Amino acid sequence: MMNFSGKRGHKFAESPVLKLRLPAWRSRLMALLILAGFGVLIGRSFYLQVLNEDFLQEKGESRYRRDLQITASRGRIADRHGDVLAVSTPMKSIWAVPADARLTPEQTRQLADLLDMDAKELSKRLASDKSFVFLRRQLPPEVGDKVASLKLPGIGQDREYRRYYPTGEMTAHLVGFTGVDDKGLEGVELAFQSQLLGHPGNRSVIKDRRGQIVEDVGSIKPPQDGKEIRLALDSKIQYLAYSQLKQAVTDFKAKAGSVVAVDAKTGEILALANWPTYNPNNRERLTGAQLRNRAITDTYEPGSVMKPFTAALALESGKVRFDTPIDCAPGRLTIGSATISDSHPHKVLSVAEVIQKSSNVGTAKIAAMLSPEQMWTMFDAVGIGRAPGLGFPGEVSGRLRPWKSWRPIEQATMSYGHGLSVSLMQLAHAYTVFAREGDLIPLTLTRADAGPVKTVPVFSQQTAREVRAMLEMAVQPGGTAPKARVPGYRVGGKTGTAYKIEGGQYVRKYVASFVGFAPISNPRLIVAVMIDEPSAGVHYGGDVAGPVFSRVMGGALRTLGVLPDAPLPVVAQNSQPTRGQL
Amino acid sequence: MVRTNLVLLLAILMCALGVVTSQHKARSLFQAIEAEQERERHLEVEFGQLQLELSTWATSPRIEKIAREKLKMRTPDPAKIITATREVSR
């Protein structure tokens, strides 16, 4: 202000500077410079507001707008009745941004208590120079809430899921398990990964200073939870199969074993149990043997359980009838340089008795009436050498060599189940042709709600019925598996006692198996049992696998509510002995 | 002229206040729905946990153990089983 009047005492308008005669270009230059300055400013603002608009918009939005992810959970896996076999529950993971997490010793102690960690360990982690550290993962949500209520700076939490398997080791092989990030690693978890997986949604919101959501902006993408998979499995039958298998493996000091139960009407897999198994909820220290789903991924030479197929083919092609006599004496048969023998020599047996008493010689003689091509076609038709097509990881197809390379001795051994290999699941599948009216039904892991499926006819109805009668004889007195009988029901089935091959040589180790179905009058259920290397004295399929079959089948038929079709033995002491047979 | 302006000014003030109140209402409603959705999520979590608990209690081995040991139940002798069919009930 003072300067207007100035120290020299003259008025501003009379300033001597104004009186100077300055060259005109100086003022023009100034005007030009100022104009240029304006030009630059206008250009810059044009650049920011029009050309490069997004940048500032984004910067602005980032001050208040937040993109949130909405987590989606993985689908459940349930059995046919809806009992949960695998379920995801939300857990919390607690993380820290060490640079922001400046906690007082008291706060550190509180947090360590909640996380069940050592306070020293916690402060060490908080002192790390990383920009982000997980403090603890997979914590129960209540703990997460408590941590949140401490309102600690730099400590946050995320929602994540943990998979639980309430049935544990009982269904481990079928259900499988997931790894990190909900990725299915085994079993159904892997096979149905794409359906089980949930797709997270997201939304953009405006948050206020206190971090509360004020409003939604833009569109919301809702999360899609994974689909629930309803398996065909029946928990009760599965439990029966599992507990009986476990018992048998222990009793017979076997190495391993499997049980498969299939609904003959629908092709649904009602039970699939393997031993040894593991607990999918706690997978530290797993061995390969525990993980193996033997019923599906392991093949073995089935042995005598294949005999009914040879007999059925001979019946079908009209080479033999049910009661055609086959001379099995003297219990040995030499083909080329090799000799086939029976463990118990027989004399003349009918075709039915060959199956009932499981004569290798008799079966080889029946097979000699058939051409290799015929046999191959039949084996192929019932699914030998082809994966069952369940979509299950690691499904094997077994081995069936092309018929052109069969030598006569091989054709003979294949007729009783040596020289070809199958998985237990394939065997159970193949037996559907006998349990049904000669047609093969595709197997399914999931509940078959879609109605009847297309079946492939292999044998005639007549053949299937005759083979059923032979298989029923096998469990009756004089057969190989009287121990497989089920009280109250007519059952049929075939034993198998096969030598194992080690290093290309047959060794004195056995695989005992039994495949059968019931009730004979209208078969509903197929149960296949395989016990690997029983070593407690007995090793015959009828003695080792037969009782397992009997107990699983009996319990399962009761569970399914199948009417008994066999007359019950009348017990003298029973006061009302005949009521059950009315 | 002045009167029209005054009326318009008044009208615009009313509108402005209306916008403010409705915005406030919208936000409080929004917060309410957010809170409800949070509750829904919590209930869902709880449901999942209860379901897990249920299926853990209801596993077959446990049922069998209780039936056999505590309730002393056993499978009846086949001869003592009477099958009721529809024909019998008639």
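In table form, for the structure just shown:
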read-out	value
Top-ranked residue in segment B:45-84 [being in a helix (DSSP H, G or I) and more than 36 Å from the chain's Cα centre (by Cα); ranked as farthest from the other protein chains (Cβ to nearest Cβ)]	B:E69
Hits in segment A:183-240 (condition: among the hydrophobic types (A, V, I, L, M, F, W, C) and within 11 Å of another protein chain (Cβ to nearest Cβ))	A:V205, A:I206, A:I213, A:V214, A:I237, A:L240
Residue check for A:L245: closer than 27 Å to A:T455 by Cα, crowded, with 21+ Cβ neighbours inside 10 Å and modelled with pLDDT of 90 or more	no
Helices (runs of 4 or more DSSP H) wholly inside segment A:168-268 containing at least 1 residues that are on the phi > 0 side of the Ramachandran plot	A:187-191
Residue among A:A148, A:A101, A:A112, A:A127 that is more than 30 Å from A:T559 (Cα to Cα), within 14 Å of chain B (Cβ to nearest Cβ) and over 36 Å from the mean Cα position of the chain (by Cα)	A:A148
Any chance B:E36 is within 26 Å of A:E169 (Cα to Cα) and acidic (D, E)	no
Single residue of segment A:151-167 satisfying the filter (part of a loop (DSSP other than H, G, I, E, B) and within 14 Å of chain B (Cβ to nearest Cβ)) that is nearest to A:V87 (Cα to Cα)	A:Y165
Scan of segment A:471-504 for residues that are charged (D, E, K, R), assigned to a strand (DSSP E or B) and touching a residue at least 12 places away in the same chain (Cβ under 8 Å), ordered by number	A:K494, A:K500
Conditions (1) more than 28 Å from the chain's Cα centre (by Cα); (2) crowded, with 24+ Cβ neighbours inside 10 Å; number of the one not met by A:F514	(1)
Hits in segment A:86-116 (condition: surrounded by 15 or more Cβ atoms within 10 Å (Cβ to Cβ) and of a type in the set (A, V, I, L, M))	A:A86, A:V87, A:M91, A:I94, A:A96, A:V97, A:A101, A:L103, A:L111, A:A112, A:L114, A:L115
One residue from A:E160, A:E186 being charged (D, E, K, R), surrounded by 13 or more Cβ atoms within 10 Å (Cβ to Cβ), in contact with a Phe, Trp or Tyr (Cβ under 6 Å, 6 or more places away or on another chain) and within 29 Å of A:P393 (Cα to Cα)	A:E186
A:G82 farther than 30 Å from A:K207 by Cα and of a type outside the set (A, V, I, L, M, F, W, C)	yes
Breaking point among (1) surrounded by 23 or more Cβ atoms within 10 Å (Cβ to Cβ); (2) outside any strand (DSSP E or B), for A:V529	(2)
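The rows are residues; the columns are (1) modelled with pLDDT of 95 or more; (2) under 25 Å from the mean Cα position of the chain (by Cα); (3) buried (at least 16 other Cβ atoms within 10 Å of the Cβ).
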position	(1), (2), (3)
A:H418	no, no, yes
A:S421	no, yes, yes
A:E437	no, no, yes
A:P442	no, yes, yes
A:L445	no, yes, yes
A:A450	no, yes, no
A:K454	no, yes, no
A:V458	no, no, yes
A:Q462	no, no, no
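The values are calculated or read from the model by the stated rules, or taken from the named source; none is laboratory data. Source: prediction; values computed, not measured. So basically every Cβ, Gly included, is an ideal-geometry build from the backbone, and we count neighbours across all protein chains shown.
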